[in-house]
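Written below as structure tokens is the structure these notes are about.
The values are calculated or read from the model by the stated rules, or taken from the named source; none is laboratory data. These numbers were taken from a predicted model, which means no experiment stands behind them. Backbone-built Cβ (ideal geometry, glycine too); neighbour counts: all protein chains shown. Heavy atoms of the whole protein, side chains included, go into the accessibility calculation; ligands, DNA and RNA do not. Shrake-Rupley method; radii C 1.70, N 1.55, O 1.52, S 1.80 Å.
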Amino acid sequence: SRSGGRLRTQEALRNKKQYRHTSTMMLLTTTILLIATTLSPSRAFTPPPSWEALQSTPSLTNRPSPPIYHDILPESVDSSLPVLYRDKDCICAACESVWLALEVKNVEYVTVLVDKNNAIEDDDGDEQISMLPRISWPSTTDDDDSNKNDHDSTTTTTTDPVKLLEQIQSRYPDTAPQFYPPLSSAVDASRCNIMRLPGVMPRNSDTNLMSYAPYLFRDDGTLVKPSSHAVSLEEVEEMQEEYYLGDFLCGKAITAADIIWAPYLERYAVQLPIVYRNKARLNPRNRNVYGEVDNWYKVMEREVPAYSCRVMGDAKHWRKCLEVATKIHNERAVADDERVSLPDVPDQKGWWVKKNSVAKAGEIWSEYCSQRPWLAPTPGGEVSLFMIRNREMIVDAAVAASLGDCLDDENTADEALREVIQVLLEWDVYFDQSSEEETAQPLSESGLRMALFAAEEMIQVPRDLGMIPVGVLWEVIRSCDE
């Protein structure tokens, strides 16, 4: 029965282990060996700086810890700040929208990362699944009884991202961007475009898989037909043409409509071409077919720093989510021809910086980090901070993975990680496009192995770092193959 299928689906989601593949380490080792063979044997590498020296780098000193906590909010946290509760695996689409909304408004807030499928006890001692996203608003003097439903002084009861965005806008009405700009006296374009989402995109999609792989699988155990995807993309293209003053959904500035649509279009762009290979009309980012849609992706990535620097997920992340959704779908497919077979992972690692240049990445990052004192001033520095803060975990994992003779013990792995950090801190030297001098090979063989291991196994976008910082790490790796 359909109810039985839903129960099995929910059980599978609760028991999932979506971030491991049995072949990952084999592929990683093969990649390392292929790139390592290109290294120049005559290049001499001096020992990297000590941990004390790296931590004393001026750009990294006096950086406070990011205001992010796990599972429980410590009592010592400033109670005057709003608190966002979102899923720690960065899969929930609604959480992504609310997270992005706070980020683009440059709101000073605290984050608590929660396992969405874990049971917690309520005030009566009963267990319930964590309801996310939610925001705990601080008390304000102008909160009266008429506003209690919109912004209570306790944790909000709504998990509806649309209502939460309205709360954020009501709390910060004078802070740009305006989520609901008055484009005309007769039309509320932002709210109208939000309401169009379920009608424009393929209907009868499996609601249990919307955060993993939206609009690809139907709730009756069948695949969404290719023609339905093509019609949806054509309608999005027409929506874009309605507001010719800019490439956002409502024109020249980001609105609530973009923030609500973004998680779904983001996943769609990665996953749809994987399910339906080599079909131009089923690739949302094929600008020869959907030029306006592709322009929307580009303007979000290039003109919304919070999106490309922190909130946006990468192809590897959404590929793994697609694998989870595909496994669940295949277990209940109504016919053999409805089962999905996925191709190999596409080579899209670090694609953002590869397509937009390191200079552009640095420019966007500078804007994003300017109001966030816990961030490093460069993307390479931000990856360095992550590696320094998690060095013991990375070194231990690299040794346990047995990545060849050059990383077979803790000392060599430790030195290799310090070497990678040293290069990342000097990333502008290695990628200075104005220089005509040929840049030397930046990493030794052991350094390259460690960089690849960290990028593939230890860092997830956006759980740990954003697209742009990790893109710089991949630029370092790619430079070893040139």
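Taking Cα centre as origin and charging only the Cβ of basic (Lys, Arg, +1) and acidic (Asp, Glu, -1) residues, the dipole magnitude of region 286-429 rounds to 700 debye. Sequence-ordered 3J(HN,Hα) estimates for region 59-71 from the Karplus curve with 6.51, -1.76 and 1.60 and θ = phi - 60° stand at 6, 10, 6, 6, 8, x, 5, x, x, 10, 10, 10, 6 Hz, glycine and proline given as x.
Per the 1.4 Å probe, what fraction of the accessible area of region 185-251, in percent, lies on carbon and sulfur atoms? Each step should come with its number before you reach the end.
Numbers: 1580 of 2970 Å².
Reported share for carbon and sulfur atoms: 53 percent.
Extending each Cα 7 Å along its Cβ direction at Met131 and Lys355, get the distance between those two points in nm, one decimal. Those two pseudo-labels are separated by 3.8 nm. Under 5 Å from the amide H of Gly313 lies no amide H of any residue 5 or more positions distant or on a separate chain, with H modelled from the backbone and absent for Pro and chain starts. With θ taken as phi - 60° and the Karplus curve 6.51 cos²θ - 1.76 cosθ + 1.60 applied, the whole-hertz 3J(HN,Hα) list for region 468-477 is 5, x, 5, x, 5, 4, 5, 5, 4, 5 Hz, x standing for glycine and proline. Longer than 21 Å from Cα to Cα, which of Lys320/Lys349; Lys279/Lys327; Lys225/Lys279; Lys88/Lys355; Lys316/Lys355; Lys105/Lys355 are they? Say none if no pair is. Correct reply: Lys279/Lys327; Lys88/Lys355; Lys105/Lys355.
Given the Cα-Cα distance of Ser227 and Ser59 and 0.36 nm per residue of separation, how much length would full extension add, in nm?
On the way: separation 168, 0.36 × 168 = 60.48 nm, distance 5.20 nm.
Length difference between fully extended and current span is 55.3 nm.
Using 0.36 nm per residue and subtracting the Cα-Cα separation, the extra length available between Glu392 and Asn295 on full extension is 30.7 nm. A 1.4 Å probe, protein heavy atoms only, puts the accessible area of Ile388 near 10 Å². Applying the Karplus relation 6.51 cos²θ - 1.76 cosθ + 1.60 with θ = phi - 60° to region 321-326 yields 3J(HN,Hα) values of 5, 5, 4, 4, 5, 5 Hz, where x marks Gly and Pro. On region 267-396, 44 percent of the accessible area sits on carbon and sulfur atoms, based on a 1.4 Å probe. A 1.4 Å probe, protein heavy atoms only, puts the accessible area of Val334 near 90 Å².
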